[in-house]
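Remarks on the structure that follows.
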């Protein structure tokens, strides 16, 4: 019997065949696609933030007219004897400014008309100051006055002499007065605290509009959402995840919770209008109604996040607690719930951030139509009196015709984004602080 010799073809493991090379090329292409997608997303995100900051930054500053004005005792006495006292103070102030910027070469009436369009009628403010502070007579007093929205646009470069059309708001002669005041050092740029802490000033005064009252309205709404949505959502999640039997009824509840998370927010607004305002007769445009509507909208989000946090706790924790004699309730509340707390807090803050930026539900309950012009009188009034909210206020400014409100809308977006970023940062810090690894 002879051994037959067979020739076998062997290949090295380090050698790449055609199929392996093709797979490697596909993997490289997939990596390139993923990297390209990330770069595109980051580029668009940078463009978005740059656009928002560039468009909204002017809302945080304003051009103020600072003038050292001197009113003598004789002028004050003469003005107080006039029938139209405020008009007389306007004339005195206009004459003073005209002399300061032109050396007396311009017509006083023309300068007075221009100042009325640039600064408004300041005679009332001047009269009130000297009536309350008579010791300032015959002394130099610094008056800080806000420029009109049209003057602001000219100083910002949005209006030029070539594009200006004479109107009752601004004329070409007014631009000459503005330039002379700027050359004289009367016009300065300052932080616009009115925008940060003020209230909406109506459709004709974008320079005096502020978002402070709307921030307070959003704060009260978030309190309502936090107090109502958090305990209800956590209790429902604990029951469904830890205690509820697995049957068709609980399956139906879980499906409906998932579906509610995808319902458009304006549907919740219609529900709030029908139930809370028309049926329960709660005050329209109030933060308590807005908070109730947003609570309904936020519940599915918090429930889903809470259930995910409870599922993330290892079953061995439950088994160990039960093995040591703890009841089901003790195992859940003493061991499972504390370990799931970081995820629950994160889901709650994300839900609150989502509610904070909603506008559609507020449209239906009237918070867009109401103009909030003052802060609430107290804690109870903060919940029950009509107010606005940040997204509703931004929507209102963006829908107005005056271009001066567009900057306010962009500035309001920056404030809203800062709140949202702060809430997400808090969520991250809480998760890092309380998170445990097994």
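Under the criterion of Cα pairs below 8 Å and six or more residues apart, the relative contact order for the chain equals 19 percent. Normalised Debye scattering of the chain at q = 0.06, 0.07, 0.10 Å⁻¹ gives log10 I(q)/I(0) of -0.46, -0.58, -0.90, counting only Cα atoms as equal scatterers and leaving out solvent.
Mean sequence separation of contacting Cα pairs (under 8 Å, at least six apart), scaled by the length of segment 212-434, corresponds to a relative contact order of 30 percent. Each principal axis of segment 308-438 carries a Cα extent, and these read 70, 29, 24 Å when sorted largest first.
Extent of segment 128-187 along its three principal axes (Cα atoms, max minus min coordinate, largest first): 46, 23, 18 Å.
Against the chain, whose longest principal axis is taken from its Cα atoms, helix 287-311 shows a tilt of about 30°. In the elastic network of the chain, a GNM with C-alpha springs shorter than 10 Å, the most mobile of 298, 384, 72 is 72. Normalising the average separation of contacting C-alpha pairs (under 8 angstrom, six or more residues apart) by the number of residues puts the relative contact order of segment 149-266 at 12 percent.
Between 157, 382, 347, where does the largest GNM mean-square fluctuation fall for the chain, given springs only between Cα atoms within less than 10 Å? Highest fluctuation of the listed residues: 157.
Each eigenvalue of the Cα gyration tensor of segment 339-393, multiplied by 5 and square-rooted, gives one semi-axis; in descending order these are 28, 15, 8 Å. The calculated pair-distance distribution of segment 59-164 uses every alpha carbon pair, bins of 10 angstrom beginning at 0, and gives 14, 42, 32, 10, 2 percent. Sorting the Cα pairs of segment 212-434 by distance into bins of 5 Å, from 0 upward, gives 1, 7, 13, 16, 16, 14, 11, 8, 6, 4, 2, 1, 0, 0, 0 percent per bin. By the count of other C-beta atoms within 10 Å, a proxy for reagent exposure, 27, 241 are ordered fewest to most as 27, 241. In the chain, helices alone account for a calculated mean residue ellipticity at 222 nm of -20000 deg cm²/dmol, with every DSSP H run of four or more residues adding -39,500 (n - 2.57). Please check: in the Gaussian network model of the chain (C-alpha springs, under 10 Å), which one of 283, 338, 391 has the largest mean-square fluctuation. Among 283, 338, 391, the largest GNM mean-square fluctuation belongs to 338. Where the centre of each part is set by its Cα atoms, how far does segment 162-239 sit from segment 14-73, in angstrom? About 26 Å separates the Cα centre of segment 162-239 from the one of segment 14-73.
Any read-out appearing in this document is the output of simple, stated calculations on the displayed coordinates, not a laboratory observation. Nothing here was measured: the structure is a model prediction, and the numbers come from that model. Quick reminder, even Gly has a Cβ in these numbers, built from the backbone with ideal geometry, and neighbours come from all protein chains shown.
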